[in-house]
1. Sum -39500 (n - 2.57) across every DSSP H segment of at least 4 residues in the chain, then divide by the residue count to get the 222 nm mean residue ellipticity, nearest 500.
2. Helix 247-258 versus the longest principal axis of the chain: what is the Cα-based angle in degrees, 0 to 90, to the nearest 10?
3. In whole Å, how far is the Cα centre of segment 208-240 from that of segment 115-139?
4. Ranked by Cβ crowding within 10 angstrom, fewest neighbours first, how are 204, 104 ordered?
5. Taking 10 °C and 1.306 mPa s as the conditions, I'd like the Stokes-Einstein D for segment 127-267 in µm²/s, using the Kirkwood hydrodynamic radius from alpha carbon pairs.
6. Taking only the Cα atoms of segment 1-50, how large is their convex hull per residue, in Å³?
7. Report the far tail of the P(r) of segment 211-258, meaning the percent of Cα-Cα pairs longer than 13 Å.
8. What's the angle, to the nearest 10 degrees (0 to 90), between helix 229-244's Cα axis and the longest principal axis of the chain?
């Protein structure tokens, strides 16, 4: 894995760190490949019961596509009469967004600075966002004559509603951490100096929790947003049956009876 993305699993928590602070963690090809591989590895790793996605430095979480690299690739495409540059959506952004949203474990985004374009999209793909008080969000896409990618056309309307999503996408601009909190984009806003510690605390608490149930909750919410009540009730029955058969449920019930704190196994 490239050193532009750091990946570590410790005590049930997979930590993924975008590591190009000098470039505001912009996504060049090497970084996109490494991020895709790290997110997919975390999704598949049974030792990882929760995931923390964050970035190095305090200026930016991720400003999206590395436009310096991008413009060179566009020139090469035009000279060769090809369109390979935009295949990055299919090859990189789509797998990253799907792995973050579909993995059966909770994902926490520790947003330490500016999150723009695909950086905003990947933060939205997480289940819980802890945001530094100096951070900002910007959809960016229309500002460079592009449409939405990185799943943001799916996630943003679900978080802020279709009307506000259209406003943010059609008129890209920076919104503050406090604005993001009021819109529901940020679940929690903390001082910049405390961001990494607070994000790790939340992610580790989830890693120690009933991760079978967390995975079912993610699946149920995603399903319910695009299905009828009757279909969603059927899905809830299916998922609750699965959760009820888990070892964690038995542990939780026994701990409740014994007035003890449960020690979950994640199975």
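Every number here is computed from the coordinates shown, using simple stated rules; none is lab data. All figures in this text were calculated on a predicted structure; none of them were measured in a lab. Neighbour counts run over all protein chains shown; Cβ positions are idealised from the backbone, glycine included.
1. -14500 deg cm²/dmol
2. Taking Cα atoms only, the helix is inclined about 50 degrees.
3. The two parts, judged by their Cα centres, are 25 Å apart.
4. Ranking 204, 104 by Cβ neighbours within 10 Å, fewest first, gives 104, 204.
5. Estimated via Stokes-Einstein, D reaches 89 µm²/s.
6. 65 Å³
7. Tail fraction, whole percent: 57.
8. So the inclination is approximately 60 degrees.
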